[in-house]
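Worksheet: one structure, shown below.
The values are calculated or read from the model by the stated rules, or taken from the named source; none is laboratory data. All figures in this text were calculated on a predicted structure; none of them were measured in a lab. Because the Cβ atoms are built from the backbone with ideal geometry, glycine has one as well, and the counts that use them run over all protein chains shown.
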Amino acid sequence: MILLLSNLVVILSAILVFLAVVSILVGVLLFAKKKLTPQGEVTLTINDDKEIVVEPGSTILQPLVTMACFYHRPVVAAVHAECVNAKFLRVAALFWPPRSTSLRAVSKPKTGV
Amino acid sequence: MSVKIESEPLFSAKNLKLITGPINKNNPITVLVLGICSALAVTVKLEPSVVMAVSVVVVLTLANVITSLLRNTIPSRIRIIVQLVIIATLVILVDEVLKAFAYEVSKQLSVFVGLIITNCIIMGRLEAFALGNKPWPSVLDGLGNGIGYGLILVIVGFFRELLGSGTLWGYRVIPESIYISNGGFYEDNGLFILPPMALILVGIIIWIQRARHRELIEEE
Amino acid sequence: MENLISIFVKSIFVDNMIFAYFLGMCSYLAVSKTVKTSTGLGLAVIFVLGITVPANYLIDKYLLSPGALSWVSPLLGALDLSFLSFIMFIAVIASIVQLVEMVIEKFSPALYNSLGIFLPLIAVNCAILGGSLFMQEAEYTNIGEATVFGLGSGVGWFLAIVGIAAIREKLKYSNVPAPLRGLGITFIVTGLMGIAFMTFMGIKL
């Protein structure tokens, strides 16, 4: 009986400690996210006619791929040509408060891409 | 009118490939370059190597199965955290079992059992395979990769113990009488007990494997 | 003070994370093709180790080790929660890496551009968890010792990866047999470097 009770204490305190530490960590992270990353939205203007609104800090690839699917335009190819490491593109809020960022296709997209 | 989907027989050729592939051509250590961290430091003797290999097989297979069963319910944003929790829980269980049933070996393995959590093989296989496949192929994939990893561990451990201490699994293999201290000519190669030797042995294993399978050679 | 220096030097040379314990080998082998990427990753590892080891030391001392919870209430003094160490350490490491990434991105975009890609990679680097677990095993008496140990381990890792990157850059011009090229020769060279580092084993400070 005493063994059961003491085991219960261990289990309860383990759960409490775990929950406490994880909640603190998550709280700190959320707080830091609110304070450190720029808030609001950034408007991307692509090829001078299409405008999309994304959050800062997200990668460009996802909305562009969606667009390329919808409009059958090789938008993604233009971005690949411009940036060095397309895998880790970040949309930074270049100005504060966020304004429009113009992303132009500087070279003709490769055919067949 | 219903469409009957053919389910693969349990041990079809495609499923068997999941086990045999990682043992040779897709070996996680020598080809995929994963899981090297905890592989080398525990291979001083054969027994810890085997225990470590068995632990990794168990954790990998169970983690694969659990992730595969949960794959449709995990939200994408917390995917990595859920995987880490699954792996960490399994490793804690394995660690406690080892401490209970094989205490001396677990003392030798010390922190390296905990490091199975960050073992690249497990995270790698969960991401690459278990999240997109059914439970049974995931079991086979986990078994195959675990056995491939264990094979390298056992080979390295075998040579290191045999040539470094003259014993195998604690039992003397090289007879005492031929040692120099007893009037003979043989002396244990102390270099094999040192950690760097494991790296050189794995390098030699890679050399042999690539000489036999020319397609694995890297292009410059 | 000289205790701290001794821990620092020991963790760089004698207990080198790569050559003595082979921790962090996965990213070590993958990233060491050029010196530039290696310095980036090495600096990130020093940074993360220097922050996570003291943090985990505090968690271990005040929450997890046997009898640690006695500051909450003396009744809990008999509790031993050390079985939670793995999960706690990993959670702390992952969160700190995320935090560090956000802070660097805000305060130093230049540093972020050179380091940024490696930071998520480091969260599952064996060396980081290994540093915390070794710290737990060594049972340091105060947080200064733990911090010095963390920084020293990071510097040792940094030295190792920059060294092998420099050698690999030169190896490209050598006549290595085809099956050994790339991965095989890197393993053997790392083994030889490990033997060289063993000369430090006799240092007494």
> What about B:Val94, is it under 17 Å from the mean Cα position of the chain (by Cα), more than 13 Å from chain C (Cβ to nearest Cβ) and modelled with pLDDT of 85 or more?
Replying inline: no
> Quick one: would you say C:Ser95 is touching a residue at least 40 places away in the same chain (Cβ under 8 Å) and either touching an Asp or Glu at 6+ places or on another chain (Cβ under 9 Å) or in a helix (DSSP H, G or I) (or both)?
Replying inline: no
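Just give me the residues in the stretch B:35-47 being away from chain C (no Cβ under 14 Å) and either in a helix (DSSP H, G or I) or farther than 14 Å from B:Val156 by Cβ (or both), in sequence order.
So the first thing to find is which residues in the stretch B:35-47 are away from chain C (no Cβ under 14 Å), and the list is B:45-47.
Selection gives B:Leu46, B:Glu47.
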>> Quick check on my filter: what residues within the stretch C:28-63 are of a type in the set (Gly, Ala, Ser) and surrounded by fewer than 22 Cβ atoms within 10 Å (Cβ to Cβ)?
In response: C:Ala30, C:Gly40, C:Gly50, C:Ala55
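Being more than 9 Å from chain B (Cβ to nearest Cβ) and aliphatic (A, V, I, L, M) is the filter here, so list the residues in the stretch C:171-205 that pass it. Step through it out loud before you land on a result.
Let us first name the residues in the stretch C:171-205 that are more than 9 Å from chain B (Cβ to nearest Cβ), namely C:171, C:173-176, C:199-205.
Selection gives C:Leu171, C:Val176, C:Met201, C:Ile203, C:Leu205.
Name the helices (runs of 4 or more DSSP H) wholly inside the stretch B:117-220 in which the number of residues that are surrounded by fewer than 20 Cβ atoms within 10 Å (Cβ to Cβ), touching a residue at least 60 places away in the same chain (Cβ under 8 Å) and away from chain C (no Cβ under 11 Å) is 3 or more.
By residue number, B:135-165.
So which of B:Arg77, B:Arg125 ends up being more than 29 Å from C:Tyr28 (Cβ to Cβ) and at pLDDT below 90?
Details: B:Arg125 fails: more than 29 Å from C:Tyr28 (Cβ to Cβ).
The conditions single out B:Arg77.
Can you tell me which residue within the stretch B:1-24, out of those that are charged (D, E, K, R) and exposed (fewer than 11 other Cβ atoms within 10 Å of the Cβ), is modelled with the highest pLDDT?
Taking the stretch B:1-24 as the starting set, the residues that turn out to be charged (D, E, K, R) are B:4, B:6, B:8, B:14, B:17.
Then keep just the ones that are exposed (fewer than 11 other Cβ atoms within 10 Å of the Cβ); that gives B:4, B:6.
Numbers: B:Lys4: 51, B:Glu6: 54.
Among them, the one singled out is B:Glu6.
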